[in-house]
Structures are given as C-alpha cells and as structure tokens.
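The values are calculated or read from the model by the stated rules, or taken from the named source; none is laboratory data. Just so it is clear, the model here is predicted, and its values are computed rather than measured. Glycine also receives a Cβ, built like all others from the backbone with ideal geometry; neighbour counts cover every protein chain displayed. Calculation scope for accessible area: heavy atoms of the full protein, side chains included, ligands and nucleic acids excluded. Shrake-Rupley method; radii C 1.70, N 1.55, O 1.52, S 1.80 Å.
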Amino acid sequence: MMRPYTCITSLLLALAFALTSMGADLEATAREKLGRLEQLMEKAKAKSIDVTREESVVWFSNEFLKFADWDESHQEEVAYLFGEFSIYKDEKEKHAAEIPDFQRKMVIQILDDGITELSKVVSGDVRRRPVNKVDWQNIEVGDNVLLSNGKPIFLYDYFSKSVGQPLTNSAVYNDHLGAIFHGGENLYKPEHDRAINSFLLKEDRTFDPELLREVTDISDTNIGFLMFWNQGIPEWVKKQEPQACYGRSTFIGFDVDNPLVRDVWGTIAKETGALTQGKKVTQLGFILANEPHWHSISSGWTRRTGEMQQLSTYTVDKFRQWLDRKYDGDLKALNKNWKTEFSSFDTVEIEFPIPAKIQGTPMYYDWARYNMDRSIDWFTFIQGELRKGNPNADTHIKQSTHHYTGNPRAHGIDLEALTELTSMIGDDAKSWESRIRISKKAEAWEAHYGYFWEEVAMSYDFMESVSPEKIHINSESHFLSSAHWRKLDTSVEYVESVYWLATLLGMDVNMSWFWARDPDGSPEDRLEGELNFFDGALAGSFAGSANQQPHIANAYTQVMYDLNSYSEEIIALRKQRRPLRLFHSETSAINKKTHMSDQFDMYESLFFEGFPLGFATENIIKKQDNKLWDAILVYKTEFVTKSELDALQSTLDQGGTVIVDSAKSLSKNEYGQPHGKSLKPGKGNLIVLKGSESTSQIRDVALGKISTSRPDITLGENNGSGHKGCHWRAVKQDNGSYLVSILNLGKNTAKLKLGLKGGTGISVTDLFTGNSCDPEFELNSKGVSLLEVKAL
C-alpha cells in the first residue's frame with residue numbers, strides 16, 4: 001500500500017467530485033458488458049469453442065475496474081506518481097482525477113472488442129485456433145526453442161513484478177500476466193531480495209544464512225531465472241579496498257578489476273551455482289548483469305557519482321599491460337600514435353572521463369577497445385566461476401541494445417563478444433510509438449513509420465546472426481513503456497505489431513517492464529519514494545504505463561496468445577537462411593561518429609525485401625559455415641583491422657561474393673593508417689562499386705546476387721509515399737503452399753498485391769480468420785497479417 005499524503009489541493013477535490021457520477025455510469029456500463037461477454041462465453045463453450053482469450057478479457061476488466069476504484073479514492077498518491085514523470089508533472093492533479101474513468105473507458109473498449117470477436121467466432125464467420133496455453137510447470141528447454149506440451153512456446157511475463165508475492169498468488173502469477181519465477185524480482189532493494197548479490201558473503205567468508213535462504217528456498221514449481229544484482233557492495237569490502245567502487249557504473253557498483261571484488265563475486269557465483277543446480281528457477285539461466293555499461297566520456301552517466309569519474313589503479317595498470325601487448329612492446333609506436341612522450345608503458349596515463357573531442361584518434365580507439373575487452377574479461381571470469389559450481393548453468397546478460405545500434409562506443413560493450421560468450425542471448429531492447437520525452441522535434445522514424453523499430457530489429461538480426469542456435473530472452477522488454485517514453489493512449493495495433501516483430505526476429509521469452517499493482521489495486525511499496533537514487537526510476541515509471549492501461553495489458557496477453565497459437569509457423573518463418581550479410585566492424589564503429597547511423601541506412605533499405613537479413617563479422621566468417629550466406633555487403637566501413645580484412649579475403653578465397661560500396665571502405669586500419677593491401681577476387685566474386693551509388697542502387701546490386709535465395713512469393717506495396725513499410729517473410733511448406741507474414745511498420749495504409757514469380761494464379765487464406773481473401777488487399781498501419789498462399 002502507498003503511504004498516505006498529508007496535503008491535497010482544492011482543484012484535486014473539485015475534479016474528483018465532478019467525475020464521480022460519470023465514473024458510476026461507466027462502471028455500470030462495464031458491468032453490463034461483462035455480463036454479456038460471459039453469457040456469450042457460455043454459448044461458445046457449449047459449441048466446444050476455446051474461450052481462453054475472453055477469460056483474459058474478463059480478468060483484466062475486473063482487475064482494472066478495481067484499480068480505477070482504488071485510484072479514485074487515493075488521488076494524492078496517484079497525483080504523486082504522475083508528478084514523478086516529467087511529461088505529466090505540470091498537470092499531475094488533472095491526470096490523477098481523470099485516470100479512473102480513463103481506465104473504465106478502456107475496460108469498456110476491450111469488452112466491446114471481445115464481444116465483437118467472439119460473436120463472429122460463435123456464428124462461424126471467423127474460425128480461430130484455440131490458444132496453445134503455457135504449461136508453466138513443465139517447460140522443456142531445447143537447443144533453440146522452448147517447448148510446452150511438445151509444441152514451440154513463447155513465454156511472457158512482466159519484469160520486476162509486485163514485490164514479495166508468492167507463486168501461489170494467482171492474482172499476480174497466472175496465464176493473464178504470466179507465471180515465470182523472478183529470481184531478481186525485488187529490483188532496487190538488492191540487500192533484501194531474491195537476486196544474487198554482494199551482501200550474501202560476510203567478511204569472514206561465510207554466507208549470511210538469512211539472505212542465502214532467499215536463494216536456496218526458492219520454489220521449484222515454475223520455470224524461472226536467477227539474477228546477479230551487481231549494484232551494491234558491502235561496507236567491509238570498501239574498508240579493505242578504498243578503491244573498490246572506482247570506475248563503477250549505474251548497475252555495476254564496483255570496480256570489476258579489483259582483486260577483492262573478484263574474489264567476493266567469484267565465491268558467490270560458484271556457491272549459488274552449486275546450490276541451485278537442477279532447479280526450475282535456473283531453466284531460463286542466470287542473468288549475469290542488469291544493463292551493464294562503463295561510459296567513459298563525460299556525460300550524465302559519468303557525473304552521477306564521483307566514483308564513476310575516476311579509475312582505480314588496478315584498471316590503469318591493466319590498461320598499461322593491454323597497451324604493451326597491443327603494441328608488441330613498441331613504445332615508440334604508441335607515442336607516435338598518441339602524440340605523447342611516455343618513457344615506458346608503466347607511465348602511460350589517460351584523462352578520465354575522456355574528452356569527447358578525441359574520438360577518431362588512436363588514443364580514443366585504444367581506450368574504447370580496452371574498455372570493451374575488460375568487460376569481456378569480467379563476464380568471462382564470473383561465468384567461469386558460476387560454472388565451477390554448476391557446469392551446466394545457462395547464462396545471458398541483459399544487454400541494452402542501443403549500445404550496439406547507437407553511435408557512441410565509449411561504453412565498454414561489445415555486443416558480439418558478449419552474445420557469443422553466454423549460452424543464451426539476453427537483452428532489454430526498446431521500441432516506442434510516441435516521441436521520447438527529451439525530444440523537442442520530430443524523430444527520424446516519424447517521417448515514414450508508425451513506431452520506432454530500428455533498435456529491436458537491427459540488434460536482433462545482429463545477435464541472431466552471431467548466435468543463431470541460442471534461446472533468446474528479453475528479460476525487460478521496453479515495448480510498452482520505459483523511463484524515456486510513455487503514451488497513455490498507446491494503440492493496441494502497436495502492441496500487436498511490435499511483439500510479432502520481435503518474436504519473428506528471434507525472441508523466445510520476454511518480460512515486459514513492468515507490473516507494479518498489488519492485488520488490492522494499490523501501487524506496490526517500492527514506488528513510495530524511499531529508495532533514493534532509484535525512486536525516480538520506479539515511481540516515475542508507473543504513470544502512463546500498463547498499470548493504468550487495460551487495453552494495453554490485455555493486448556500484450558492477447559498477442560502472446562496469438563503467437564503461441566501459431567508458434568510452429570513462427571518458428572518456420574524465422575528458421576530461414578540469411579542469404580545476404582551486412583559486414584559489421586566494431587573498428588569502424590569506434591572510429592566514426594555516425595557509423596551505426598550509416599549502417600542503418602543500408603539495413604533499412606534491405607529490411608522490406610521479403611527475406612531474413614543477417615550480419616557478418618570477422619568471427620562469424622571464421623567460425624560459421626560460409627555457405628550460410630550468398631554474399632557479404634560492406635557499406636561505409638573505412639576502418640578495419642588487418643584480421644578483419646583477412647577474414648573477408650578468406651571468404652573470397654573460398655569462392656564467396658563480397659560487395660564493397662567504394663574503394664574508401666576497408667582502406668584504413670584501426671589507427672587511420674592506410675592498409676598496405678586490398679581485397680583480391682581469389683576464387684570468388686569481388687564487386688567494388690564506384691562510391692557514387694545511392695543506398696537503393698547498392699541494394700539492387702546486392703539483391704541481384706541473392707536472387708536464387710529469395711522467395712517465390714512476390715509482394716507489391718503502394719502506401720502513397722514511395723518508401724516501403726511492410727516487412728514480410730515467406731517460406732514454402734511441405735504441402736507446397738507458402739506461409740507469408742506481413743507487418744506494416746509504415747505510418748500509412750498499404751495497398752498490397754501478392755503473387756508468385758512467373759505470374760501463376762494464387763489463392764490466399766487469412767490464417768487468423770480461416771477465410772479466403774483477395775491477393776490484392778489493404779493493410780493498415782501497424783497491421784499484422786499471417787497468410788497461406790497456394791498456387792492455382
């Protein structure tokens with residue numbers, strides 16, 4: 001329960017009084033529609049029609065009517081929560097007064113939609129599949145798929161659920177909200193939660209028995225995960241090691257190079273791994289860190305604490321050793337690159353936080369690359385210690401994927417290396433339907449699209465290219481809201497589209513941010529503002545979130561029902577070969593200020609062409625079968641290491657195809673020095689373009705080299721803009737028909753025309769309704785379509 005507040009404005013009272021009678025009318029309308037839907041459900045059950053979807057509509061309707069009542073009678077608390085998010089702050093009392101009836105209106109909306117849909121099903125106008133429900137207690141974890149009752153399944157839940165609620169509480173753990181056991185659910189109170197944290201180990205190297213019981217007494221009924229919560233460090237460690245927190249980051253609250261810290265965490269990882277071995281709570285692995293980063297350029301991140309702005313002697317010494325190895329002991333080469341006069345590697349110094357102006361220099365490259373290597377070293381160490389206790393422990397890291405898709409590179413995260421390191425793919429990718437709160441002007445995506453999809457799509461295609469055979473877990477999906485964006489009237493269509501997109505691109509499990517209602521309707525205790533640094537993150541995350549959006553909470557569950565009803569089709573669509581690979585180089589990403597923006601331009605031009613797009617890197621070329629692709633495309637990638645250049649040469653020597661956008665690409669090493677050699681055709685096909693071609697011209701050249709690997713299905717699109725917006729895939733099935741998924745990411749309605757190469761006539765069936773449809777049809781913005789196409 002939220003604690004009472006001592007003051008309330010007269011405006012708040014007046015608004016609440018004026019809305020009371022309206023609320024009663026809306027409540028009565030909602031209750032009447034609930035009764036109608038329940039009667040219709042009885043008719044459906046009499047015809048053996050599955051009503052799982054409607055059961056969730058009824059559940060959410062009852063819950064949010066209860067939430068509306070709570071919010072109406074606790075206006076001060078609700079106004080406080082609105083005031084914690086900047087876009088609502090100035091009118092927090094008004095929003096607090098209006099939110100109860102907003103929720104009631106949205107309940108009426110989902111009931112109307114539920115009645116309409118089920119009426120069509122009962123009448124036979126729509127033939128929908130029964131929901132493939134999750135058996136939360138009996139999930140099988142395969143090599144690249146989760147199975148429930150022998151069928152592929154996509155798991156769903158909310159991350160950071162209401163604190164302290166046991167698995168037995170069906171108001172929190174159920175089919176409507178999800179029932180994954182959260183081994184780190186008490187987020188932001190690390191010393192009192194089920195996360196694995198630094199406070200488990202005492203100074204005498206024994207474990208705190210009370211805290212350890214939070215790990216060992218975990219229920220063994222449902223599938224779940226455990227989390228290493230790295231934010232805090234005990235006082236006894238700080239006393240022994242005054243530099244223990246130097247160079248810390250937001251969620252890793254200590255120096256990963258400190259020997260005592262490594263000893264403490266190594267001991268904890270090994271012991272907790274052994275104690276939890278074989279338990280269901282580890283089926284979804286150990287999350288080794290929450291959103292790790294080590295931002296090095298002076299910014300809002302590094303200014304949060306003084307400890308973030310200084311490096312420990314351990315880190316500096318390891319950097320010097322790294323430089324010694326990197327330069328093969330050649331101090332003159334380092335001094336020449338850095339324009340310095342150090343007398344030895346032991347005297348090398350670097351300003352920290354590093355000034356942004358040095359980006360593109362050898363000094364910047366060396367630090368940025370070392371910063372990535374030190375984080376790889378930390379996670380290699382902690383995973384190794386965990387597996388001393390549990391050799392079969394699955395692992396992933398909750399990666400902030402904008403560290404890959406964004407341009408900055410002084411954050412210490414090499415997404416490829418960390419994805420390859422762990423046994424599962426992990427992230428908390430974001431998308432949004434409205435402008436983020438810090439934007440004063442239109443964002444680039446708004447010109448053409450219905451929502452921001454760049455981060456989730458590009459990062460997922462990249463990670464799935466790096467590790468194509470791993471379970472993919474988004475343990476904090478920010479598709480519904482985040483600290484940076486909120487939209488109270490978020491559209492149901494957006495929710496359906498973005499979850500379909502993410503799952504199609506590889507996501508097997510997602511836990512949405514976040515569920516913070518206690519069963520009585522009150523916001524949970526952590527939102528009371530007692531958590532210092534983080535009360536803004538949690539309290540500020542409530543207003544305008546799914547906790548106040550019946551239509552969005554219901555839409556999330558409904559789209560997961562749909563995805564699980566068509567799970568075999570989704571798996572077939574995403575198992576396809578990736579015939580074209582964009583070459584990714586962290587070397588260029590570190591050196592160029594806009595490298596990833598440039599790469600997205602090329603990625604975007606290829607994303608709507610009806611095939612799964614992939615990536616190639618030095619390691620992918622070396623470690624994976626080069627027959628997995630037809631061609632590699634290099635675009636605006638001037639800086640590559642010698643070994644990266646050698647990897648591209650090796651694919652040519654094996655008879656592969658490499659397309660290079662211009663002679664400028666691949667021309668320089670990591671320090672901006674010209675390479676003494678360039679690619680040769682070898683046994684393959686080397687195509688170097690003039691450098692004057694547009695992205696669409698380069699796209700057409702690339703598509704010409706993979707023509708035999710593209711689907712037999714054709715899709716024409718006219719959305720009135722000349723800019724494609726429909727992402728689609730097609731796969732041939734065993735019976736000769738084609739399975740086609742189409743997502744209209746564009747902001748306009750698209751007029752579409754399906755066909756087969758050669759002009760053969762086709763029949764089209766809408767798998768969502770079971771009805772035939774015309775090969776020419778319209779798909780609304782954010783619309784989702786799943787079709788079966790047969791040749792006549």
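Taking the conditions (1) surrounded by fewer than 20 Cβ atoms within 10 Å (Cβ to Cβ); (2) within 30 Å of the chain's Cα centre (by Cα); (3) over 15 Å from residue 378 (Cβ atoms); (4) not aromatic (Phe, Trp, Tyr) in turn, residue 273 satisfies each one other than (1).
What's the total number of residues in the stretch 541-572 that are at pLDDT below 95 and open to solvent by 10 Å² or more (accessible area, probe 1.4 Å)? Residues in the stretch 541-572 being at pLDDT below 95 and open to solvent by 10 Å² or more (accessible area, probe 1.4 Å): 0 in total.
Among the candidates 143, 112, 125, 157, the residue that is closer than 26 Å to residue 504 by Cβ and either touching a Pro at 6+ places or on another chain (Cβ under 9 Å) or open to solvent by 40 Å² or more (accessible area, probe 1.4 Å) (or both) is uniquely 143. With respect to the conditions (1) modelled with pLDDT of 95 or more; (2) under 18 Å from residue 757 (Cβ atoms); (3) in contact with a Gly (Cβ under 7 Å, 6 or more places away or on another chain), residue 719 lacks only one, and its number is (2). The criterion of being part of a helix (DSSP H, G or I), open to solvent by less than 40 Å² (accessible area, probe 1.4 Å) and over 27 Å from residue 510 (Cβ atoms) does not hold for residue 107. When the stretch 580-593 is filtered for residues that are surrounded by fewer than 24 Cβ atoms within 10 Å (Cβ to Cβ) and assigned to a loop (DSSP other than H, G, I, E, B), the ones remaining, listed by number, are 592, 593.
Listed by first and then second residue, the pairs linking a residue in the stretch 341-364 that is aromatic (Phe, Trp, Tyr) to a residue that is in a helix (DSSP H, G or I) and open to solvent by 40 Å² or more (accessible area, probe 1.4 Å), with Cβ atoms under 6 Å apart and 6 or more places separating them unless they lie on different chains, are 345/324.
Can you find a residue in the stretch 377-391 that is surrounded by fewer than 19 Cβ atoms within 10 Å (Cβ to Cβ), on the phi > 0 side of the Ramachandran plot and assigned to a loop (DSSP other than H, G, I, E, B)? For the stretch 377-391, residues surrounded by fewer than 19 Cβ atoms within 10 Å (Cβ to Cβ), on the phi > 0 side of the Ramachandran plot and assigned to a loop (DSSP other than H, G, I, E, B): absent. Picking from 786, 792, 752, which residue would you name as being over 28 Å from the mean Cα position of the chain (by Cα) and more than 26 Å from residue 447 (Cα to Cα)? So the residue among 786, 792, 752 that is over 28 Å from the mean Cα position of the chain (by Cα) and more than 26 Å from residue 447 (Cα to Cα) is 792. So, residue 759, is that one more than 26 Å from the chain's Cα centre (by Cα) and without any contact (Cβ under 8 Å) to a residue 24 or more places away in the chain or not? Yes; evaluated as a whole, the condition is true for this residue. Go through the residues of the stretch 211-219 one by one and say whether even a single one is in contact with a Phe, Trp or Tyr (Cβ under 8 Å, 6 or more places away or on another chain) and either at pLDDT 95 or above or part of a helix (DSSP H, G or I) (or both). Checked against the condition, which is being in contact with a Phe, Trp or Tyr (Cβ under 8 Å, 6 or more places away or on another chain) and either at pLDDT 95 or above or part of a helix (DSSP H, G or I) (or both), the stretch 211-219 yields at least one hit.
When the stretch 619-636 is examined, which residues are found to be more than 17 Å from residue 684 (Cβ to Cβ) and either under 26 Å from the mean Cα position of the chain (by Cα) or in a helix (DSSP H, G or I) (or both)? If the condition is that a residue be more than 17 Å from residue 684 (Cβ to Cβ) and either under 26 Å from the mean Cα position of the chain (by Cα) or in a helix (DSSP H, G or I) (or both), then 619, 623, 635 are the ones that fit. Candidates are the residues of the stretch 687-703 that are of a type in the set (D, E, K, R) and over 32 Å from the mean Cα position of the chain (by Cα); the one that is least open to solvent (accessible area, probe 1.4 Å) is 693. Applying the condition of being surrounded by 14 or more Cβ atoms within 10 Å (Cβ to Cβ), of a type in the set (Ser, Thr, Tyr) and in contact with a strand residue (DSSP E or B) (Cβ under 9 Å, 6 or more places away or on another chain) to the stretch 764-792 and asking which residue is farthest from residue 125 (Cα to Cα) yields 781.
Taken over the stretch 647-677, the criterion of being of a type in the set (Ser, Thr, Tyr) and closer than 18 Å to residue 702 by Cα is satisfied by 651, 657, 662, 665. Out of 453, 500, 432, one residue alone is modelled with pLDDT of 95 or more, under 16 Å from the mean Cα position of the chain (by Cα) and open to solvent by 10 Å² or more (accessible area, probe 1.4 Å). It is 432. For the stretch 320-357, what are the residues that are of a type in the set (Val, Ile, Thr) and either more than 38 Å from the chain's Cα centre (by Cα) or farther than 21 Å from residue 295 by Cα (or both)? Correct list: 340, 347, 348. Of the listed requirements (1) of a type in the set (D, E, K, R); (2) crowded, with 23+ Cβ neighbours inside 10 Å; (3) over 27 Å from residue 73 (Cβ atoms), residue 577 misses just one: (2).
Return yes when residue 615 is touching a residue at least 24 places away in the same chain (Cβ under 8 Å), open to solvent by less than 30 Å² (accessible area, probe 1.4 Å) and closer than 19 Å to residue 696 by Cβ and no when it is not. Taking the combined requirement at face value, the residue does not satisfy it.
Of all residues in the stretch 481-496, one or more are in contact with a His (Cβ under 9 Å, 6 or more places away or on another chain), surrounded by 24 or more Cβ atoms within 10 Å (Cβ to Cβ) and polar (S, T, N, Q).
Among the residues that make up the stretch 226-238, is at least one of them at positive phi, open to solvent by less than 10 Å² (accessible area, probe 1.4 Å) and not hydrophobic (A, V, I, L, M, F, W, C)? For the stretch 226-238, residues at positive phi, open to solvent by less than 10 Å² (accessible area, probe 1.4 Å) and not hydrophobic (A, V, I, L, M, F, W, C): absent. Among the residues of the stretch 318-357, how many are part of a helix (DSSP H, G or I), within 25 Å of residue 255 (Cβ to Cβ) and open to solvent by less than 30 Å² (accessible area, probe 1.4 Å)? So the count comes out to 6.
Residue 161 meets all of the listed conditions (1) in contact with a strand residue (DSSP E or B) (Cβ under 9 Å, 6 or more places away or on another chain); (2) closer than 22 Å to residue 479 by Cβ; (3) among the charged types (D, E, K, R); (4) modelled with pLDDT of 95 or more but one, namely (4).
One line per residue, one yes/no per condition, for (1) modelled with pLDDT under 95; (2) under 30 Å from residue 358 (Cα atoms); (3) open to solvent by 30 Å² or more (accessible area, probe 1.4 Å):
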{"position": "662", "(1), (2), (3)": "no, yes, no"}
{"position": "667", "(1), (2), (3)": "no, yes, yes"}
{"position": "705", "(1), (2), (3)": "no, no, yes"}
{"position": "724", "(1), (2), (3)": "no, no, yes"}
{"position": "730", "(1), (2), (3)": "no, no, no"}
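For the stretch 122-150, which positions are β-branched (Val, Ile, Thr) and more than 24 Å from the chain's Cα centre (by Cα)? Listed by number, the residues that qualify are 122, 126, 131.
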